[in-house]
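Reviewing the structure listed below.
The values are calculated or read from the model by the stated rules, or taken from the named source; none is laboratory data. This structure is a prediction, so every number in the text was calculated from the model and none was measured. FYI the Cβ positions are ideal-geometry reconstructions off the backbone, even for glycines, and counts take in every protein chain you see. Note: areas computed on protein heavy atoms with side chains; ligands, DNA, RNA excluded. Shrake-Rupley method; radii C 1.70, N 1.55, O 1.52, S 1.80 Å.
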Amino acid sequence: MLMRIGILGTGNVGQALASAWARAGHDVVVGSRRPDDPELLAELKELTASGSRVDSSAGAAAHAEVLVNATPGTASVALLHTIGAEALAGKVVLDVGVGFLEDGSLSHPGVSLGEEIQRAFPETRVVKTLCTIDRKVMIAPDSLEGPSTVFLSGEDAEAKKVVRGLLGDLGWADDALLDLGGIATARGQEHFALLFIGIAQATGTYEFGVRVVLPTSGGSGLDH
């Protein structure tokens, strides 16, 4: 199902997702704090050539059935407050952000950005996903040597269904998508960022995935 998608963030992640969903036929608007800046528009020339449009953050939110947060996690909640709870009410917010401090530690060590957004905007349907992989892998899962797993966290089942469809449009098979449960499980997704950096340093690349491998039949389950 083709949808109206708004993307907050004009960095590498926002641009990659916008281009991929535009190529899949979705109506994509990218939100920026400086949508009329000639320098920014020149930087985004390839993006707009792919069919996406550039507007203000509020304009992208107003356009969107699904609003994607691809902003730095330290700034995401404040930016969403400038748009306003009323404008965000009822929308699906697909959150890919992770907050880092200057020393490389997480800005939300005891919680997750996904939870912070959901608490600040209780009428918004937040789904956390895609924050455990690099932007290139996000839009090209087949670039990996084998299957990988992408995780979803959120309270709203219908919102997750919508997000699963959008992930499918990026090339993710349905059996690669693992629903972890409520938005509190976003903590695990976001805290994986620290392990992600370690793996990248050890392997020399950011382009990798992780795969959840279950036991053979007869496994003991969660009981110990």
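Listing for the model above:
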read-out: Cross-link table K136/K161; K45/K136; K91/K128; K45/K160, entries beyond 25 Å C-alpha to C-alpha; value: K45/K160
read-out: Expected 222 nm ellipticity per residue - DSSP helices of 4 or more, -39500 (n - 2.57), all of the chain, to 500; value: -10500 deg cm²/dmol
read-out: Length-normalised contact order for the chain - Cα pairs under 8 Å, 6+ apart - percent; value: 18
read-out: Volume per residue of the C-alpha convex hull in region 44-135, rounded to whole Å³; value: 114
read-out: A157-S217 FRET efficiency (beta carbon distance; Förster radius 41 Å; 0.05 resolution); value: 0.90
read-out: Region 95-122 and region 16-30: distance between their alpha carbon centers, rounded to Å; value: 25
read-out: Ranked packing of 33-45, 112-124, most packed first, by mean Cβ within 10 Å; value: 112-124, 33-45
read-out: Gaussian network model of the chain, Cα within-10 Å springs - most flexible of A202, A78, A70; value: A202
read-out: J(HN,Hα) series, region 122-131, from Karplus relation 6.51 cos²θ - 1.76 cosθ + 1.60, nearest Hz, glycine and proline x; value: x, 8, 9, 9, 8, 10, 8, 6, 6, 7
read-out: Accessible-area composition of region 1-149, carbon plus sulfur, in percent [1.4 Å probe]; value: 50
read-out: Among beta bridges that DSSP assigns inside region 92-185, antiparallel share in %, nearest 5; value: 25
read-out: Percent antiparallel among DSSP beta bridges (both partners in the chain, rounded to 5); value: 10
read-out: Rounded tilt (10° steps) of 186-203 against the dominant C-alpha axis of the chain; value: 80
read-out: Max mean-square fluctuation residue, GNM over the chain, Cα-Cα springs under 10 Å, options V213, V98, V77; value: V213
read-out: Percentage relative contact order, region 148-224, counting C-alpha pairs under 8 Å, at least six apart; value: 41
read-out: Per residue accessible area of region 138-224, 1.4 Å probe, in Å²; value: 59
read-out: Region 80-192: C-alpha gyration tensor shape, a/c 1.5 cut-off, then a/b vs b/c; value: oblate
read-out: Relative pair counts by distance (%), Cα atoms of region 141-224, 5 Å bins; value: 3, 12, 18, 20, 22, 16, 8, 1
read-out: Three-way shape label, region 1-82, alpha-carbon gyration tensor, a/c 1.5; value: oblate
read-out: V126 long-range amide H proximity, modeled H, under 5 Å; value: V93, E155
